[in-house]
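Take a look at the structure below.
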Amino acid sequence: MDMDKEITAVQPTQHHQPISEPVIVIENLYKKFGDNVILENFSLSVKREENVVVLGKSGAGKSVLIKCIIGLLKPDKGKILVFGEDITMMDEDELATARTKIGFLFQANALYDSMTVRENLEFPLRRHWTSLGEAEVDKMVKEALENVGLTHTSDMMPTELSGGMLKRIALARTLILKPEIILYDEPTTGLDPITAREIDQLILTLQKKYKTSSIIISHDMNCVRNIADRVVLLLEGMCYAQGTYETLEASSDPKINQFFK
Amino acid sequence: MSIISESKDFLDQTGQISRFAGRFFSHGLKPKFEVKELLVQCYLIGYKSFPLVGLTGFIMGLVLTMQLRPSLVSYGVQSELPVMVGIAIVREIGPVITALIFAGKIGSSIGAELGSMKVTEQIDSMDVSGTNPFKYLVATRVIATSLMLPILTILGDAISLFGAYIGVNIKSVTNIRFFFVQVFESLSYSDVLPAVIKTIFFGFAVGLVGCYKGFNSTKGTQGVGRSANSAVVLSSVLIFILDLLTVQLTNLLGLN
Ligand SMILES: Nc1ncnc2c1ncn2[C@@H]1O[C@H](COP(=O)(O)OP(=O)(O)OP(=O)(O)O)[C@@H](O)[C@H]1O
Ligand SMILES: [Mg+2]
């Protein structure tokens, strides 16, 4: 536990200076399924325009954590403040409003397989912003597809696309509402190194372009090194350690060290 | 022992489905309604089932007539054939057979569709995209099945009666007008109305069970397959149970 303090004490070197006001504050979060305790006293805050990468073993509860943030899972205890408002206390309508500002990339993409790529992208647009006209929707879909370099797929079905293309379409769908916060669940897992690097670049470019704050879950150390302003280690249900990639890599704690081998 | 645990499972499930139905009435029927999706589902569920319902209805009417004829002939009342067949089709066989075909086709497809959406997190994805999945997926489908099955039953009955006419015609040439006049004169509102109304409940059961099974699907191909399969089995059993209940009810109300 000393290690935790020692590392957090080191100021992370930022790629770009975030304004220090936090956009996400998680305080003492608890979540269990039956007797299976997943999150235990987990706390974390994310500043504006900051990329926080969450590292952790498979099954550590990383997906559970970000599903709590978007309100898909209800934590047993604790607070999740997004732009100062507690997600866990919101009713359905408030949650829907809050979600227009939060993008969520699912670990397995979760594209609607009964709809074309275009319909997939239109879905969040039309559902969240019901007053949009046809021309605007068209323009935003086009822009979103251009961002990921897949304009030619707009009339294809998800089943006709490769894994990397699916990931990019899912990314486009996540970004189409221009959310201020994006939660990425393993954006590069299962992709070849070249495509993975492209996705990393894409995340960085879009982050600069739209000035978003993100939480990124990743096992891919290249991805972590490239995009993390701060790395958070989720271990035993807690935020075990946090700091820049370099400080954590240099740590002598074997529990931290094992991730950087 | 296994009978005890099985009946416990059955009761458990009954409780959960009732709760699911409760959620349909408390949440699913509140505004704002997903009108466009409802129309899409009515089209998919109603229109697309029509050929199958028509075909089975036609064959059933035809076969039933051919099977009944020898018995009626042996009593010398073959002139009553249209009346017998008409009552059998309209009161019982039409609604139940149509509902069972419907359960097989629609119940399984709803179970599989929602099941695979559930396990691939598409349902969560809708939730995140500002859409209440219960209203968008469940309410629309349950309303569509409850509305479409009565319509399909009426159409199925009509085609079935036409099949019966052909069946009568095979042995003795009959005027089609004469046949239908004879059928309709023998039918009263108390034959037709309860029979159509019960199909609303049959349709409700098929939609609700399909959605329930899909929403509670477990991971993997097997899980999705199991939801589709058990949706058909359970809704078919429910159709018979509901049929039993409605016949008792109409008896009590003196509608027979
Ligand atoms: N809906 C649920 N019901 C019951 N248990 C769940 C549920 N969702 C997750 N879990 C359990 O919570 C634990 C953490 O799951 P989670 O998906 O968050 O892992 P993860 O850290 O994202 O792992 P991975 O890197 O493999 O994606 C697992 O043990 C899982 O079985
Ligand atoms: Mg995960």
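The values are calculated or read from the model by the stated rules, or taken from the named source; none is laboratory data. Keep in mind it's a predicted model, so treat the numbers as computed, not measured. Ideal geometry is used to build each Cβ from the backbone, glycine not excepted, and the neighbour counts take in all protein chains shown. What goes into the accessible areas is simple: the full protein's heavy atoms, side chains included, and nothing from ligands, DNA or RNA. Shrake-Rupley method; radii C 1.70, N 1.55, O 1.52, S 1.80 Å.
Could you list all residues from region A:174-198 that are crowded, with 23+ Cβ neighbours inside 10 Å and over 13 Å from the mean Cα position of the chain (by Cα)?
Within region A:174-198, A:I176 is the sole residue that qualifies.
Hey, could you check region A:50-70 for residues that are within 9 Å of ligand 1 (Cβ to nearest atom) and part of a helix (DSSP H, G or I) and say which is nearest to the other protein chains (Cβ to nearest Cβ)?
The extreme case among them is A:K67.
Any idea which of (1) free of Cβ contacts under 8 Å to residues at least 24 places away in the same chain; (2) more than 8 Å from chain B (Cβ to nearest Cβ); (3) within 30 Å of B:I110 (Cβ to Cβ) is the one A:G149 doesn't satisfy?
Of (1) free of Cβ contacts under 8 Å to residues at least 24 places away in the same chain; (2) more than 8 Å from chain B (Cβ to nearest Cβ); (3) within 30 Å of B:I110 (Cβ to Cβ), only one is false for A:G149: (3).
Condition check: at pLDDT 95 or above and out of contact with any Leu (no Cβ under 6 Å at 6 or more places or on another chain). Does B:I239 satisfy that?
yes
Looking only at residues in region A:83-101 that are within 14 Å of chain B (Cβ to nearest Cβ) and of a type in the set (D, E, K, R), which one is nearest to ligand 2 (Cβ to nearest atom)?
Per the criteria, the residue is A:R99.
Considering (1) within 16 Å of ligand 1 (Cβ to nearest atom); (2) more than 21 Å from A:S58 (Cβ to Cβ); (3) of a type outside the set (S, T, N, Q), say which one A:I216 fails and leave the rest.
Result: A:I216 fails condition (2) only.
Every residue in region A:73-105 that is touching a strand residue (DSSP E or B) at 6+ places or on another chain (Cβ under 8 Å) and aliphatic (A, V, I, L, M), please.
A:L73, A:I80, A:L81, A:V82, A:I87, A:A98, A:I102, A:L105
Which condition number does A:N36 fail, the rest of (1) under 16 Å from A:I80 (Cα atoms); (2) at pLDDT 90 or above being met?
Single failed check for A:N36: (1).
What number of residues within region A:31-82 satisfy the criterion of being within 16 Å of ligand 2 (Cβ to nearest atom), open to solvent by less than 60 Å² (accessible area, probe 1.4 Å) and basic (K, R)?
Count: 3.
May I ask you to list the residues in region A:168-213 that are in contact (Cβ under 8 Å) with a residue 40 or more places away in the chain, within 16 Å of ligand 2 (Cβ to nearest atom) and away from chain B (no Cβ under 14 Å)?
Listed by number, the residues that qualify are A:P187, A:T189.
For B:L68, which of the numbered conditions (1) among the aliphatic types (A, V, I, L, M); (2) more than 14 Å from chain A (Cβ to nearest Cβ); (3) touching a residue at least 24 places away in the same chain (Cβ under 8 Å) fails to hold?
The single condition B:L68 does not satisfy is (3).
For region B:1-36, which residues satisfy the criterion of being part of a helix (DSSP H, G or I) and among the basic types (K, R)?
So the first thing to find is which residues in region B:1-36 are part of a helix (DSSP H, G or I), and the list is B:2-28, B:35-36.
Across region B:1-36, the qualifying residues are B:K8, B:R19, B:R23, B:K36.
Can you report the number of residues in region A:118-130 which are more than 13 Å from chain B (Cβ to nearest Cβ) and more than 23 Å from the chain's Cα centre (by Cα)?
0
Among the residues of region B:120-168, write down those that are within 14 Å of another protein chain (Cβ to nearest Cβ), open to solvent by 30 Å² or more (accessible area, probe 1.4 Å) and either of a type in the set (S, T, Y) or in a helix (DSSP H, G or I) (or both).
Listed by number, the residues that qualify are B:T120, B:D124, B:D127, B:K135.
Give me the pairs: first residue in region A:83-110 and farther than 21 Å from A:E49 by Cα, second residue part of a strand (DSSP E or B) and open to solvent by 70 Å² or more (accessible area, probe 1.4 Å), beta-carbon distance under 9 Å, and six or more apart or on different chains, which are they?
As it stands, the answer is A:T88/A:K79; A:M89/A:K79; A:E94/A:E85, since those pairs meet every condition given.
Return the residue satisfying two criteria in turn: it lies in region B:82-119 and is within 12 Å of chain A (Cβ to nearest Cβ) and of a type in the set (D, E, K, R), and of such residues it is nearest to the chain's Cα centre (by Cα).
If we take residues in region B:82-119 being within 12 Å of chain A (Cβ to nearest Cβ) and of a type in the set (D, E, K, R), then B:E113 is nearest to the chain's Cα centre (by Cα).
In contact with a His (Cβ under 9 Å, 6 or more places away or on another chain), buried (at least 17 other Cβ atoms within 10 Å of the Cβ) and of a type in the set (D, E, K, R) - does that describe any residue in region A:201-223?
No, the conditions are met nowhere in region A:201-223.
Please go through region B:204-230 and give me each residue that is of a type in the set (A, V, I, L, M) and under 13 Å from the mean Cα position of the chain (by Cα), ordered by number.
B:A205, B:V206, B:L208, B:V209
Yes or no, residue by residue, for (1) open to solvent by 60 Å² or more (accessible area, probe 1.4 Å); (2) within 19 Å of B:G210 (Cα to Cα); (3) small (G, A, S); (4) touching a residue at least 40 places away in the same chain (Cβ under 8 Å):
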{"position": "B:S2", "(1), (2), (3), (4)": "yes, no, yes, no"}
{"position": "B:R19", "(1), (2), (3), (4)": "yes, yes, no, no"}
{"position": "B:F24", "(1), (2), (3), (4)": "no, yes, no, yes"}
{"position": "B:F33", "(1), (2), (3), (4)": "yes, no, no, yes"}
{"position": "B:K36", "(1), (2), (3), (4)": "yes, no, no, no"}
{"position": "B:G46", "(1), (2), (3), (4)": "no, yes, yes, yes"}
{"position": "B:T56", "(1), (2), (3), (4)": "no, no, no, yes"}
{"position": "B:V63", "(1), (2), (3), (4)": "yes, no, no, yes"}
{"position": "B:G86", "(1), (2), (3), (4)": "no, no, yes, yes"}
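Can you pull out the residues in region A:102-117 that are more than 9 Å from every other protein chain (Cβ to nearest Cβ) and touching a Ser or Thr at 6+ places or on another chain (Cβ under 6 Å)?
Listed by number, the residues that qualify are A:L105, A:V117.
Given region A:83-173, what helices (runs of 4 or more DSSP H) lie entirely inside it while holding 3 or more residues that are loosely packed, with under 14 Cβ neighbours inside 10 Å? Show your work before the answer.
Numbers: elements: A:92-99, A:117-128, A:134-147.
So the answer is A:92-99, A:134-147.
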